[in-house]
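Heads up: the structure comes next, in structure tokens.
The values are calculated or read from the model by the stated rules, or taken from the named source; none is laboratory data. Everything quoted here is computed from the prediction, not taken from an experiment. As a convention, Cβ positions derive from the backbone with ideal geometry for all residues, glycine included, and neighbour counts pool all protein chains shown.
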Amino acid sequence: MDQETKLYPSSFNPLFNKPIRPAPKEIAIIGAGTIGPDIGYYLKSAIPGIKLHLVDVVEEPLAKAKKRYSDYVQKAVDRRKMKEDTGKAILNNIIYTTDYKEIKNCDLVIEAATENILLKQKIFDTVESIVGEDTIITSNTSSIPADRLFRQMKRPERTTVTHFFSPAWRSLPVEVITWEGGSEEIIDYLNWFFAFTGKVPIMTDNAICFMLNRVFVNWCNEAAYLLDHASASQIDSVAEEFVAAGPFFVLNMTHGNPINIETSTLQMEEGAHYRPAPILGSVDRWLTHRPGTKLEVPEDIKNTIRERMLGILFSQSFDIIDRGIGTKEDLNIGCQLALGFKKGPLDIMRNCGEAEVERIMKKFEDARSGFPQAKQPFSIYQDFNRYLLVDEIEGVKIITIRRPQAMNAISDEINNEILKVLKENIDNPAVKGFIITGYGNAAFSAGADIGKFPATLGNKEAAAQYARDCAEVQLFMDQMDKPIVAAVNGMALGGGLEIAIRCHSIVATKNAFFQFPEITLGIQPGIGGCIVPYRKWPQGANMFHEMICLARRMTVKEAHDIGMVTSISEDYSDMIQEAVKEVHKIAGNITRVPEGKVDIPEISIPDNPMAGNLALSKEAISIIVKTVKAGAAADTFAEALEIGYQGSAEIACTEAAKEGISAFLEKRKPEFKK
Ligand code: COA
């Protein structure tokens with residue numbers, strides 16, 4: 001924990017802090033090779049209005065980058081992922097230059113040149129002699145510690161490493177390195193800025209290769225050593241149990257050898273066992289298959305590959321955690337988001353179990369002596385929240401749902417983790433209450449995990465029980481004597497909205513909105529969504545009818561008008577401050593969900609119900625109408641909730657549910673027959 005607070009001096013959630021200055025308006029990227037232009041494209045996509053300078057020593061890569069940008073935009077527009085105007089704005093205001101003097105007014109300069117200390121130092125000297133005193137200067141190095149790059153600078157406090165992953169315009173994580181010469185304020189600011197622009201900043205200690213590249217480089221190096229026992233294709237095939245693409249396939253994709261001399265020499269400072277496999281020096285294209293190709297690997301070879309690859313993965317994970325290079329949360333999510341691991345290394349460890357991990361590590365020590373082993377009991381490496389960040393402000397525990405790859409959609413594990421945090425803290429007198437919010441600026445939560453739904457389709461009992469199980473968090477919140485406030489930072493959909501409305505109060509940002517899209521999936525809100533809104537805010541009943549039956553969106557203003565949202569904030573950090581105030585305000589005075597019957601207006605459904613241009617299922621809507629009416633007429637809240645669970649069980653057995661959910665998972669528009 002001490003190490004964690006060192007890495008994250010302010011808060012784990014990067015958006016809690018007010019930035020010390022606005023987002024940069026003018027940014028330079030030095031180096032127009034592979035990753036530099038992609039970093040620039042991410043920045044222009046996030047804030048199309050910025051002025052971007054792409055700098056290189058020769059014209060050719062600049063011309064290529066220009067072409068790459070227009071190709072990216074064209075593809076996004078063709079696929080209707082981007083409006084034409086946005087595309088134009090992105091391509092506008094980009095300066096492709098070989099003249100460093102152009103960058104003099106930049107607020108931020110990111111160096112993305114070749115991995116060579118002397119070259120990089122020279123670039124920083126030049127940059128520092130041109131830009132203003134307050135310009136932030138960072139390096140995208142994947143391996144060189146910040147002190148070695150920046151110690152000669154006049155103002156090192158405005159520098160650090162910001163390490164992106166390929167493809168940098170899309171890959172979410174960015175490692176932001178904390179180092180003794182960099183100012184905490186600047187590092188906090190960068191952390192905020194990356195989250196503000198849609199990335200997942202990961203605060204990492206100033207160790208050689210940082211955190212995620214350490215995993216990647218050693219994973220690939222171990223694969224290269226295994227070539228004594230198996231072919232590249234066999235190794236990739238076995239590795240695909242854990243990663244989307246095997247190490248040799250990835251090495252081929254990187255067009256060059258990322259385990260370069262620089263990285264290897266640096267790593268060897270930590271011991272000769274980090275020596276690169278000699279074959280890496282002589283091969284730059286590997287003979288392997290496309291990921292997913294079936295390949296029979298003899299059992300003994302398979303076991304050797306599997307155990308060695310897991311050995312290196314676990315060894316690096318232990319080392320990263322024991323030395324405080326990164327947090328367990330970040331290591332686990334970072335490997336998934338940046339390196340394509342199907343599960344985080346600590347999840348893989350959990351699945352193996354303690355005895356198996358011990359066995360693998362013992363064999364690994366025999367085969368590859370010298371690598372780090374676990375320094376703490378197995379349980380310590382497992383003791384963390386996979387999907388939550390937990391911060392504290394003024395005695396209020398703030399739970400952030402962090403699952404950015406699925407817009408913070410709520411899985412069973414997230415539900416369990418939320419419940420665990422609430423239960424752990426509910427009796428602690430120092431904890432005054434709770435806030436629940438979502439990671440990033442876009443989503444509080446995009447709903448319950450739709451991937452889980454098919455398992456209950458067509459099975460009434462299973463569907464009802466699943467709804468009851470999911471409702472455990474809500475039922476716990478209902479009876480809590482300490483306040484819990486939802487801080488809705490963007491879209492709150494479906495199951496996410498069902499968590500928000502069950503909190504004792506809701507605050508929101510101005511970009512928040514609320515929606516029950518379930519009917520577009522042929523289902524209904526199953527965890528109190530058809531029941532709770534009518535009881536808590538009966539004045540909004542007509543709007544709730546339209547939301548539940550027709551997937552109508554409720555704006556944050558509409559939510560405020562009916563008293564559902566108590567305050568609307570300009571930005572994330574203001575919203576959290578409001579939420580903290582709200583917790584203190586309602587402490588000792590929590591309003592419970594009303595019991596008894598509630599009068600609701602008639603529900604009128606158009607002859608051809610539509611949500612946008614999607615024709616909805618009348619059969620599904622009729623089940624929802626029945627549920628809503630019966631729920632409102634129930635004598636107690638508990639009875640009403642059960643009616644809701646039964647309704648969602650009934651709807652789970654319709655053709656509409658089957659079609660709607662399959663269509664979402666197959667990424668197509670549903671066609672409801674009745
Ligand atoms: N469950 C599981 N995954 C979800 C999800 C959910 N409720 N909502 C979004 N995701 C995933 C998507 O599948 C996608 O994953 P992928 O990148 O692996 O394909 C990722 O989050 C990003 O979503 P995407 O649809 O590509 O983004 P978008 O900006 O085009 O659309 C939404 C965003 C929220 C409008 C859209 O994802 C959506 O309609 N989600 C379902 C919302 C819903 O019906 N919720 C109610 C369920 S109770």
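Structure notes:
This table checks each residue for (1) of a type in the set (Phe, Trp, Tyr); (2) over 23 Å from Gln577 (Cβ atoms); (3) touching a helix residue (DSSP H, G or I) at 6+ places or on another chain (Cβ under 8 Å).
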position	(1), (2), (3)
Pro372	no, yes, yes
Pro377	no, yes, no
Gln382	no, yes, yes
Asn415	no, yes, yes
Val421	no, no, no
Glu424	no, yes, no
Pro429	no, yes, no
Ala442	no, no, no
Ser445	no, no, yes
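- Residue match in the stretch 616-624 (condition: without any contact (Cβ under 8 Å) to a residue 60 or more places away in the chain and in contact with an Asp or Glu (Cβ under 8 Å, 6 or more places away or on another chain)): yes
- The criterion of at least 3 residues that are within 11 Å of the ligand (Cβ to nearest atom) is met, among strands (runs of 3 or more DSSP E) falling completely within the stretch 471-533, by 491-493.
- Qualifying residue in the stretch 640-658 (condition: under 29 Å from Ala508 (Cα atoms) and at pLDDT below 95): yes
- Among the residues of the stretch 419-451, the ones that are within 16 Å of the ligand (Cβ to nearest atom) and either in contact (Cβ under 8 Å) with a residue 60 or more places away in the chain or closer than 24 Å to Tyr572 by Cα (or both) come to 13 in all.
- Of all residues in the stretch 534-557, those satisfying the criterion of being in a helix (DSSP H, G or I) and under 29 Å from the mean Cα position of the chain (by Cα) are Met547, Ile548, Val556, Lys557.
Residues checked against (1) in a helix (DSSP H, G or I); (2) under 30 Å from Lys18 (Cβ atoms); (3) touching a residue at least 24 places away in the same chain (Cβ under 8 Å):
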| position | (1), (2), (3) |
| --- | --- |
| Met564 | no, yes, yes |
| Gln577 | yes, yes, no |
| Asp635 | no, no, yes |
| Glu639 | yes, no, no |
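- Only listed residue being farther than 16 Å from Ile410 by Cα and either in contact (Cβ under 8 Å) with a residue 60 or more places away in the chain or among the hydrophobic types (A, V, I, L, M, F, W, C) (or both), chosen from Met491, Met480: Met480
- Counting only strands (runs of 3 or more DSSP E) wholly contained in the stretch 395-467, the ones carrying 2 or more residues that are over 18 Å from the mean Cα position of the chain (by Cα) and within 30 Å of Cys335 (Cα to Cα) occupy 433-438.
- Residue-level analysis places Ala657 among those that are surrounded by 22 or more Cβ atoms within 10 Å (Cβ to Cβ), assigned by TED's automatic domain parsing to the domain that holds Ala551, part of a helix (DSSP H, G or I) and of a type outside the set (Lys, Arg).
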